[in-house]
1. Along region 35-51, what does the Karplus equation 6.51 cos²θ - 1.76 cosθ + 1.60 (θ = phi - 60°) give for ³J(HN,Hα), rounded to whole Hz, x for Gly and Pro?
2. List every residue whose amide H lies under 5 Å from the amide H of R9, counting only residues 5 or more places away in sequence or on a different chain, with H placed 1.01 Å from N in the peptide plane.
3. Among P276, P91, P240, which one moves the most in a GNM of the chain with springs linking Cα atoms closer than 10 Å?
4. Which of the aspartates and glutamates could be linked to K287 by a straight reach, that is with a Cα gap under 18 Å, when you skip same-chain ones fewer than 8 residues away?
5. Counting only heavy atoms of the protein chains, get the accessible area per residue of region 132-220 (1.4 Å probe) and round it to a whole Å² value.
6. What lysines could a cross-link reach from K24, if we take a straight Cα to Cα line under 20 Å and drop same-chain neighbours fewer than 8 places away?
7. How many percent of Cα pairs in the chain exceed 26 Å?
8. Nearest 5 percent is fine: what portion of the DSSP beta bridges confined to the chain is antiparallel?
Amino acid sequence: MTRNSALRRALLFMPGDSLPKIEKAIGLQVDSIVMDLEDGVAFSRKAEARRVIVTALQTLDFGRSERLVRMNPMGSELAEDDLRSTITGRPDGYVLPKAEFAEQVEAVAEFLAQEERARGWHAGQIKLLPIIETALGVVNVREIAGASARVDALLFGAEDLAGDMGAVRTSAGWEIFYARSAVVTTAKAYRLTAIDMVYFDLHNMEGFADECRTGRELAYDGKMVIHPRQVEIAQHIFAPSLEEISRARRIIEANDDAQTRGLGAFALDGKMVDGPVVRMAQQVMKKA
Ligand code: COA
Ligand code: MG
């Protein structure tokens, strides 16, 4: 089965105790499926959710969707049981909520290394996707990004961050703007995928699409989503458009030509093209 972990335009979350929702997600052609054990699951249902997730991992064909489990925060009394009871399903990765220190990521990475060794699995295959969603997480985002080679993406959680900071969420979003920028910039510095925040209004599709576009303009690669109807919109907006692809291709061709003529900068359709423009075009082609 080929899974392209770089392609994470939409990460669909669902409560891990709902097998019907996991099954529904599998039919949606979504890039990543995140079976939740944290805030989407009631305390009385954590054990049941672990059982459902393992059963799903062991018995269902997820097709090309990435199979992720969101555990409870490292250091909580639930985290260790979450890992021990779901590892047998061999997920593609774990989403780590409320990540704040490199040591937390290292501890999970060490657990996974031991399990991979003991089970004869390929070393380093199971990825880690920390969510930055507390003030401390934002301040320490760089050490979290660099904590382990398993870290493969950074996710930005706006609601929890606002709660942690005592900020009020607004539609303009200035209260979370620094953090939203810091997470994507750090992700890019460490060559990780950057995943933008959840949009909570399940029925405002215009608002959702606008927030996807803003995230994309900030250089996010994808978005956490919470309902099937958000999947296709996110996957469409976070994929490069045909116009962008064809313009990128023309820039690269024109640049090859200019370079052979000894020109580092040139004009294409009345706009200057030089190194950074060419590198942006290469990024678009890489995604396409
Ligand atoms: N993943 C998979 N399927 C989902 C889904 C999700 N996140 N959200 C809804 N669905 C399914 C429903 O089960 C229903 O399926 P059916 O028609 O086959 O019965 C269909 O999509 C329509 O759902 P709808 O009635 O519009 O939503 P709901 O009222 O059942 O659920 C939520 C609303 C918010 C509870 C639900 O969308 C959800 O669970 N979201 C994710 C919550 C979560 O994981 N939070 C933690 C991470 S932030
Ligand atoms: Mg959260």
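1. Using θ = phi - 60°, the values come out as 8, 8, 10, 8, 5, x, 10, 5, 4, 6, 10, 4, 5, 4, 4, 4, 5 Hz.
2. The list, which skips near neighbours in sequence, is D31.
3. P276
4. In chain and number order, the partners are D31, E66, D152, D196, E217, D221, E232, E243, E244, E253.
5. 47 Å²
6. Within the straight-line cut-off, K24 pairs with K223.
7. 46 percent
8. Of those bridges, close to 10 percent are antiparallel.
The values are calculated or read from the model by the stated rules, or taken from the named source; none is laboratory data. Keep in mind it's a predicted model, so treat the numbers as computed, not measured. Methodologically, a virtual Cβ is constructed for each residue, glycine included, from the backbone with ideal geometry; neighbour enumeration extends over all protein chains shown. SASA here: full protein model, heavy atoms, side chains in, ligands and nucleic acids out. Shrake-Rupley method; radii C 1.70, N 1.55, O 1.52, S 1.80 Å.
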